[in-house]
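Undergrad: Let me begin by handing over the structure; questions about it come next.
The values are calculated or read from the model by the stated rules, or taken from the named source; none is laboratory data. Not measured: the values here are computed from a predicted model. Using ideal geometry, Cβ is built from the backbone for each residue, glycine included, and neighbour counts are taken over all protein chains shown.
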Amino acid sequence: MSAEEKSMSIIVTKGSLDWAYPPFILATTAAAMGLPVTMFFTFYGLPLLLKDLSLQLTAAGNPAMKMPMMGGHMGLPNLLTAIPGVDAACTKMMKNLMNKKGVASIEDLRELAVEAEVRLIACQMTMDLFEYSLDDMIEGPELGGAATYIEVATESDINLFI
Amino acid sequence: MADHTLDAKGLNCPLGLNCPLPILKARKALKEVPSDGTLEILATDPGSVADFEAFCRQTGNELVEHSEDGGIYRFLIKKTAA
């Protein structure tokens, strides 16, 4: 069966720097492999459509987050993650690491997704809830709700929730 | 020799581009390649071997050959799909 007959949808629910990667990597790659792709941005995933991204990550509640450091891997005890400035430092460290390892930025991946004609749907309810408007967003997203997504999902071969 | 060469090592990045950029860049470059033409890709991502095999299977293009030399992975793709 050829790739043209397959399609994919992704529900994007998380907007931290680390969680922004899986949906954009999979969407752009699937599009490159010939699949029509739809991304549905809801709750904390919605701000990933904002014109200006200032993505952050936190080590709090994330014991698996360990960074390569001094020949080993280091994480932070939960208590220390509450200190002001720690999240900013972790974010900076992660961005430096990604840059050094040739990992694309979310801004770049998002641009590639738009270029590859990935269909972007902004959840209308979340827009209302968090008081965003399409003017705050990049060019391209359309508005839709649960029924819009379900219709897409019934026609897609791969449906992911991230 | 390949008709087109794509250097996924990157110009400003000695360690090269990481997943999924080699695939995304290859897809873009393939669009410029005529039917039955070939595209040579140089990458440093070890994961690109499995990924280019899957990419070619899924898109219907032919992975003519791939090799590795000193951490540089070379792929030759023949554009056999539209």
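Undergrad: Taking the conditions exactly as written (on the phi < 0 side of the Ramachandran plot and more than 12 Å from chain B (Cβ to nearest Cβ)), does A:Gly75 satisfy them or not? Show your work before the answer.
TA: Values: on the phi < 0 side of the Ramachandran plot: yes; more than 12 Å from chain B (Cβ to nearest Cβ): yes.
Here the answer is yes, as A:Gly75 does meet what is asked.
Undergrad: Could you run through segment A:135-148 and say how many residues are under 11 Å from A:Leu50 (Cβ atoms) and either of a type in the set (S, T, N, Q) or surrounded by 12 or more Cβ atoms within 10 Å (Cβ to Cβ) (or both)?
TA: Our first condition is that a residue be under 11 Å from A:Leu50 (Cβ atoms); within segment A:135-148, this holds for A:135-138, A:141.
Pick out the ones that are also either of a type in the set (S, T, N, Q) or surrounded by 12 or more Cβ atoms within 10 Å (Cβ to Cβ) (or both) and you get A:136-138, A:141.
The total comes to 4.
Undergrad: On to the next question. Can you find a residue that is over 26 Å from B:Cys19 (Cβ atoms) and at pLDDT below 90 anywhere in segment A:121-143? Show your work before the answer.
TA: Filtering segment A:121-143 down to residues over 26 Å from B:Cys19 (Cβ atoms) leaves A:122-137, A:139, A:142-143.
Retained after the next criterion (residues that are at pLDDT below 90): none.
The answer is no; no qualifying residue exists.
Undergrad: Which ranges mark the strands (runs of 3 or more DSSP E) fully within segment A:1-86 that have 3 or more residues being assigned by TED's automatic domain parsing to the domain that holds A:Asp135 and buried (at least 19 other Cβ atoms within 10 Å of the Cβ)?
TA: A:8-12, A:37-41
Every residue, every condition in (1) touching a helix residue (DSSP H, G or I) at 6+ places or on another chain (Cβ under 6 Å); (2) at pLDDT below 95; (3) closer than 30 Å to B:Lys31 by Cα, yes or no:
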| residue | (1), (2), (3) |
| --- | --- |
| A:Ser7 | no, no, yes |
| A:Ile11 | no, no, yes |
| A:Pro22 | no, no, yes |
| A:Ala30 | no, no, yes |
| A:Pro36 | no, no, yes |
| A:Met39 | yes, no, yes |
| A:Phe43 | yes, no, no |
| A:Lys51 | no, no, yes |
| A:Asn62 | no, yes, no |
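Undergrad: Moving on. Name the residue that is farthest from B:Asp3 (Cα to Cα), counting only residues in segment B:55-80 that are hydrophobic (A, V, I, L, M, F, W, C), surrounded by 18 or more Cβ atoms within 10 Å (Cβ to Cβ) and within 14 Å of another protein chain (Cβ to nearest Cβ).
TA: Checking each candidate, the answer is B:Phe55.
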